[in-house]
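Taking it in order: structure first as structure tokens, then the write-up.
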Amino acid sequence: MLTDNELQRYHRHLILKGFGTESQHKLKKSRVLVIGAGGLSAPLLLYLAAAGVGKIGIMEDDIVDISNLQRQILYSTESTGKPKGEEAVKKIKALNPLTEISLYPFRCTSGNALETIREYDVVADGSDNFATRYLVNDACVLLGKPLVYGAIHQFEGQVSVFNFPEIDNTFSANYRDIFPEPPAPGSIPDCSEAGVLGVLPGIIGSMQALEVIKVITGTGEPLINRLCIFDALTFQMHTLTIVKDPENPISGENPVIRELQDYELFCNRSAEPSFSFSLSVHRFLEIQKSPDSFILIDIREDFERQIDHIGGVHIPQNKAHQIIEAIDKEKICILYCQSGKRSDNAVKKLKEKAPNLPLFSLQGGLNAVREWQKEEKS
């Protein structure tokens, strides 16, 4: 039964033809797990709570950074430096105190995914990396849970519903039917490298919320065996049909995946065994103790350096000749960018031109240095 409060709160749902009281009851009884509390999850969480989902789980271990606020509308300037999960719970509770919230303040891993996902009816993936996407997909397939997928890149977004139970006791297509293998490491830069239009995750996350509600209530036709691609620049939307792959390693005719894997290893296995001209953060910090022994070069763009930097000479990547000119062959030269990807590529290209130059890339870039500093403070 719906209480008087619920009858008033969800009145627009209750009078909606084709939705009504029955669908609202289904929402009230439902349990949805949201992976991540970033750009996609911000509208997703708000709309699920507003719609009256009975229980929402949130898996998130990150801290709010000021750079998040351009797109992660769950947070305010005052949230900066605070745990995302805790801030998200406050915002959701303020919107709808009738919704039960369970916070999992840790990263989704092979060790906790099955145990956590098992408690929920539907999973919505708001993660931003391939390792988590494959992990969540495989966990949902193994547990028989529907998964609402969303992803964004610069000006484009994708949405689909995976692993939905079908009439013949089988399940619809899953993530591995579209992407059986992860892309080569570094081939698709993340938001910190490539950028993203701030409003885009709002659009895609809202579409995910819509699909979750349709899955729970049985309203309309969810994006089953279909992938919706949205182009924000042209405002065009294409829906592609997904054909189940008989060679899918987890759900095909001869599945070989029967338990969760090491997904960080899986998503990086096509990388070189080691990049011999890469310096770890710890090695870099040791070298810093002898300032006369090295030259540090920031190869990012001007606006990136204005936001944050760790010193050094500033020579943007597109001015490779200036980088070569700045190198002292008697000293180690360390290039850095935001995440280490651009500096890796820059070192490789410069080494092709001048193989004897003492060039190195800072592994993980500025992000890794700042992460290490956070850990040291805690």
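Given a cut-off of under 8 Å on Cα pairs at least six residues apart, what relative contact order in percent is computed for the stretch 278-377? It rounds to 32 percent for the stretch 278-377. Extension gain, Glu166-Thr241: 0.36 nm per intervening residue step, less the Cα-Cα distance, totals 25.4 nm. Were the residues from Asn5 through Glu286 laid out at 0.36 nm apart, the gain over their Cα-Cα distance would be 95.0 nm.
Using alpha carbons only, how many degrees (0 to 90, rounded to 10) separate the axis of helix 41-51 from the longest principal axis of the chain? Taking Cα atoms only, the helix is inclined about 10 degrees.
Sequence-ordered 3J(HN,Hα) estimates for the stretch 69-79 from the Karplus curve with 6.51, -1.76 and 1.60 and θ = phi - 60° stand at 5, 5, 9, 8, 6, 6, 10, 10, 4, 5, 7 Hz, glycine and proline given as x.
Ranked by the mean number of other Cβ atoms within 10 Å per residue, highest first, peptides 210-220, 254-264, 40-50, 288-298 order as 40-50, 210-220, 288-298, 254-264. When each of Ser280, Ser79 is scored by the number of other beta-carbon atoms lying within 10 Å, the sequence from fewest to most is Ser280, Ser79. Shape analysis of the chain places it in the prolate category; the axes a ≥ b ≥ c from the Cα gyration tensor give an a/c of at least 1.5, with a/b above b/c. The helix-only estimate of mean residue ellipticity at 222 nm for the chain, built from DSSP H runs of length n ≥ 4 each weighted as -39500 (n - 2.57), is -10500 deg cm²/dmol after division by the residue total. Each residue, Ser110 and Glu376, gets one label point 7 Å from its Cα in the Cβ direction; the gap between the two is 3.2 nm. Where both partners of a DSSP beta bridge lie in the chain, what percent of those bridges are antiparallel, to the nearest 5? If I count the DSSP bridges inside the chain, around 40 percent turn out antiparallel. In a GNM of the chain with a 10 Å cut-off on Cα contacts, which of Ile250, Ile229, Ile323 has the highest mean-square fluctuation? Looking only at Ile250, Ile229, Ile323, the biggest GNM fluctuation is shown by Ile323. Computed from label points 7 Å out along Cα-Cβ, the spacing between Glu86 and Arg118 is 3.0 nm. Between 0 and 90 degrees, the angle of helix 20-29 with respect to the longest Cα principal axis of the chain falls at about 50 degrees. Each Cα pair under 8 Å and six or more residues apart adds its sequence gap; the mean of these over the residue count of the chain is a relative contact order of 13 percent. What are the trypsin sites (Lys or Arg not before Pro) within the stretch 322-355 that DSSP puts in a loop, where the Cβ has at most 16 other Cβ atoms within 10 Å? In loop regions of the stretch 322-355 (DSSP not H, G, I, E or B), the sparsely surrounded trypsin sites (Lys or Arg not before Pro) are Lys329, Lys331.
When only the Cβ of Lys, Arg, Asp and Glu is charged (+1, +1, -1, -1), the dipole of the chain relative to its Cα centre reaches about 540 debye. Candidate cross-link partners of Lys84 among the aspartates and glutamates, defined by an alpha-carbon separation under 17 Å and a same-chain spacing of 8 or more, comprise Glu60, Asp61, Asp62, Asp65, Asp125, Asp128, Glu371, Glu375. Ranking of Met59, Met207 by neighbouring Cβ atoms within 10 Å, starting from the fewest: Met207, Met59.
Cross-linked pairs Lys55/Lys90; Lys90/Lys341; Lys55/Lys145; Lys17/Lys145: Cα-Cα separations exceed 24 Å for Lys90/Lys341; Lys17/Lys145. Comparing Gly340, Gly20, Gly38 in a Gaussian network model of the chain where C-alpha atoms under 10 Å apart are linked, the largest mean-square fluctuation is found at Gly20. Cα centroid separation, the stretch 354-378 to the stretch 68-117: 29 Å. Ordering 27-36, 102-111, 195-204 by mean Cβ neighbour count within 10 Å, with the highest value first, yields 27-36, 195-204, 102-111.
Bear in mind that the values in this text are calculations on the coordinates, not laboratory data. Nothing here was measured: the structure is a model prediction, and the numbers come from that model. Backbone-built Cβ (ideal geometry, glycine too); neighbour counts: all protein chains shown.
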